[in-house]
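Note sheet for the following structure.
The values are calculated or read from the model by the stated rules, or taken from the named source; none is laboratory data. Keep in mind it's a predicted model, so treat the numbers as computed, not measured. Note that we place each Cβ from the backbone using ideal geometry, even for glycine, and neighbour counts take in every protein chain shown. The protein model used for the area step is the full one, side chains on, heavy atoms only, and it has no ligands, DNA or RNA in it. Shrake-Rupley method; radii C 1.70, N 1.55, O 1.52, S 1.80 Å.
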Amino acid sequence: MNELYIAKNIKKYFLTENYGIIEKIFRIKPIVVRALDDVTLNVYKNETLGIVGESGSGKTTLGRILATLDPPTSGELYFEGEKITKNNINKVRRK
């Protein structure tokens, strides 16, 4: 279907504070912020896509993940039908 970019079930969580060995020993649960939770989208060739939302809704985080600047916590990214991995991320960035 001429899909240029596919994002499937993208999640991005951030820890609000350091979570180290002491916290693990005392079984303190980490506090996380859900910036993105299960985002799926397709971008087709020759298409312009606009992302709108309230302040703090995750627009910039989604953009950084789609631009491969930040890795998602979970989910899959495909560029021109090829899954984006650590092995081919530089090739995707060049395109």
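Laid out as a table, the results:
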| quantity | calculated |
| --- | --- |
| Distance between modelled label sites at N46 and F14, nm, 7 Å Cα→Cβ extension | 3.9 nm |
| Shape category assigned to the range 16-95 from the gyration tensor of Cα positions, a/c cut at 1.5 | oblate |
| Backbone HN-Hα couplings from phi across the range 33-47 [Karplus 6.51/-1.76/1.60, Hz, Gly and Pro as x] | 10, 8, 6, 9, 9, 6, 8, 10, 7, 10, 10, 9, 4, 6, 10 |
| Apportionment of accessible area to carbon and sulfur, the range 1-80, percent (1.4 Å) | 53 percent |
| Estimated 222 nm signal from helices in the chain, with DSSP H stretches of n ≥ 4 weighted -39500 (n - 2.57), rounded to 500 | -4500 deg cm²/dmol |
| In Hz, Karplus ³J(HN,Hα) per residue of the range 86-93 (6.51, -1.76, 1.60; θ = phi - 60°; x = Gly, Pro) | 4, 6, 10, 5, 5, 4, 5, 4 |
| Hull shadow area, averaged, the range 32-76 [alpha-carbon convex hull, nm²] | 3.7 nm² |
